[in-house]
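The values are calculated or read from the model by the stated rules, or taken from the named source; none is laboratory data. Keep in mind that what you see is a predicted model, and the values were worked out from it rather than measured. Methodologically, a virtual Cβ is constructed for each residue, glycine included, from the backbone with ideal geometry; neighbour enumeration extends over all protein chains shown.
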Amino acid sequence: MKKKIKTIGVLTSGGDAPGMNACVRAVVRGALKEGLEVYGIEHGYQGMIQGKMRKMNWKSVSGIMHQGGTILKTARSERFRTKEGREIAYNQLRHYEIDALVIIGGDGSFKGALEFSSEFDIPVIGCPGTIDNDIFGTDFTIGYDTAINTAMWAIDKIKDTANAHDRLFFVEVMGRDAGFIALRSGIATGAESVLVPESSTDINRLIAKLERLYQVKQRSCIVVVAEGDEMGGAFEIAKKVGQRFDKYDIRITILGHIQRGGSPTCMDRVLASRLGLEAIRGLLDGQREVMVGKICHDIVFTPLEKAVKHHHELNPVLLDIIDILS
Ligand code: ATP
């Protein structure tokens, strides 16, 4: 028979994402409503190893919905990748009598959670918190909507100056392995081209397009580049273009960490609240080693094994939009 869960731990891990706080709040309050005790574990897996547990009550998560980042802090932990590190983490959980874990993070965090739960008898459930939106088993991850709105807002401003000075801007957005941020922010800002890791970049085609646009007297252009594009980042691609087609005055902007921070959008807050609450319901219903996601309007529990193995694919229809409309 499965052991009854009395005390849970919640942590945020990997890169921070706006909406993580709303998710922590939902997990904490959802668990308290069910009569569970809750510990917030600070600094992700690293804090778990170090025993950074904080007992949470209703007030511990007051007034945090609108804040970016994570009140629990986050970290990347090399030690947790080792068996020895995970064993120390497990002993810390036992010390605090924590029976189950809610992990808010990206696919790396879920790989760690899987490893941990295969070695120790502790139920884990994941909430997808990453700006990259690259996780299988959910339409959207917590933080993605805020990140694309931030990128859109920044590119709009760059577009103004591109227009004013007749310039071609290469704007690099986050996405080491996935082009979700590039694609949506590119469509939303009317970019002339979007380069993503999921499809191979044809530099000849890009130059041909820029030449065509120049011939029809378009004097400013925006090319959005996902940082993980296989041709290199914005600097590399701008250099290659500039060497072969020098009619445009080229500039490069790397948006960088502004895409991670800031107050979460309404959509992220609602998604995070829902997934956090469903994580608690799932745990109490006997869900184990799964990630809670939302697909269309439904809550879906996907085995962590599947969530980390499969890729969330870019919608090809969205890729076509860029080509058709510019
Ligand atoms: P983001 O998508 O924002 O990068 P993430 O969760 O993918 O978030 P990672 O840095 O990849 O971020 O992973 C977070 C932490 O999870 C790592 O620092 C490490 O402690 C743990 N982790 C990742 N992979 C494994 C693994 N295979 N075994 C054990 N722990 C792991």
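State the number of residues belonging to the range 1-43 that are part of a loop (DSSP other than H, G, I, E, B) and either away from the ligand (no atom under 16 Å from the Cβ) or under 17 Å from Arg281 (Cβ atoms) (or both).
Filtering the range 1-43 for residues part of a loop (DSSP other than H, G, I, E, B) gives 1-6, 13-19, 34-36, 42-43.
After this cut, where a residue has to be either away from the ligand (no atom under 16 Å from the Cβ) or under 17 Å from Arg281 (Cβ atoms) (or both) as well, the list is 1-6, 34-36.
Going through the range 1-43 one residue at a time, the tally reaches 9.
Please identify the pairs in which a residue from the range 38-52 that is assigned by TED's automatic domain parsing to the domain that holds Phe110 and touching a residue at least 40 places away in the same chain (Cβ under 8 Å) has its Cβ atom under 6 Å from the Cβ atom of a residue that is basic (Lys, Arg) and within 11 Å of the ligand (Cβ to nearest atom), counting only partners at least 6 apart or on another chain.
Partner pairs satisfying both residue conditions: Ile49/Arg79.
Grab the strands (runs of 3 or more DSSP E) fully contained in the range 246-326, keeping just those with 3 or more residues being farther than 18 Å from Pro197 by Cβ, in contact with a Lys or Arg (Cβ under 7 Å, 6 or more places away or on another chain) and modelled with pLDDT under 95. Working first, answer last.
Values: elements: 249-254, 290-295, 298-303.
By residue number, no strands (runs of 3 or more DSSP E) qualify.
Restricting attention to the range 63-85, does a residue exist that is within 16 Å of the ligand (Cβ to nearest atom) and at positive phi?
Taking the range 63-85 as the starting set, the residues that turn out to be within 16 Å of the ligand (Cβ to nearest atom) are 68-70, 72-85.
Remaining after also requiring at positive phi: 69, 73.
Among the residues of the range 63-85, at least one is within 16 Å of the ligand (Cβ to nearest atom) and at positive phi, which makes the answer yes.
Can you tell me which residues in the range 17-33 are surrounded by fewer than 24 Cβ atoms within 10 Å (Cβ to Cβ) and not hydrophobic (A, V, I, L, M, F, W, C)?
Arg29, Gly30, Lys33
Within the range 44-64, can you find the residues that are within 12 Å of Val10 (Cβ to Cβ) and part of a loop (DSSP other than H, G, I, E, B)?
The one that is within 12 Å of Val10 (Cβ to Cβ) and part of a loop (DSSP other than H, G, I, E, B): Met56.
Residues being part of a loop (DSSP other than H, G, I, E, B) and near the ligand (Cβ under 9 Å from one of its atoms): count how many of those fall in the range 86-139.
So in the range 86-139, the residues part of a loop (DSSP other than H, G, I, E, B) come out as 96-99, 106, 120-123, 130-134, 136-139.
Now restrict to residues that are near the ligand (Cβ under 9 Å from one of its atoms): 106, 130-132, 134.
The qualifying residues number 5.
Based on this model, can you work out whether Ala75 counts as within 19 Å of the chain's Cα centre (by Cα) and assigned to a loop (DSSP other than H, G, I, E, B)? Write out each step before concluding.
Details: within 19 Å of the chain's Cα centre (by Cα): yes; assigned to a loop (DSSP other than H, G, I, E, B): yes.
When the stated conditions are applied, Ala75 passes them.
Does Gly44 fit the bill of being closer than 26 Å to His311 by Cα and surrounded by fewer than 17 Cβ atoms within 10 Å (Cβ to Cβ)? First the steps, then the outcome.
Working: closer than 26 Å to His311 by Cα: yes; surrounded by fewer than 17 Cβ atoms within 10 Å (Cβ to Cβ): no.
When the stated conditions are applied, Gly44 does not pass them.
Looking at Thr146 and the list (1) under 11 Å from the mean Cα position of the chain (by Cα); (2) within 13 Å of the ligand (Cβ to nearest atom); (3) not acidic (Asp, Glu), which single condition is not satisfied?
Single failed check for Thr146: (2).
Any chance you could count how many residues in the range 183-231 are over 22 Å from the mean Cα position of the chain (by Cα), part of a loop (DSSP other than H, G, I, E, B) and not acidic (Asp, Glu)?
Residues meeting the conditions: 10.
Check the range 81-90 and report whether any residue there is surrounded by fewer than 17 Cβ atoms within 10 Å (Cβ to Cβ), of a type in the set (Val, Ile, Thr), closer than 29 Å to His310 by Cβ and out of contact with any helix residue (DSSP H, G or I) (no Cβ under 7 Å at 6 or more places or on another chain).
Yes: one or more hits.
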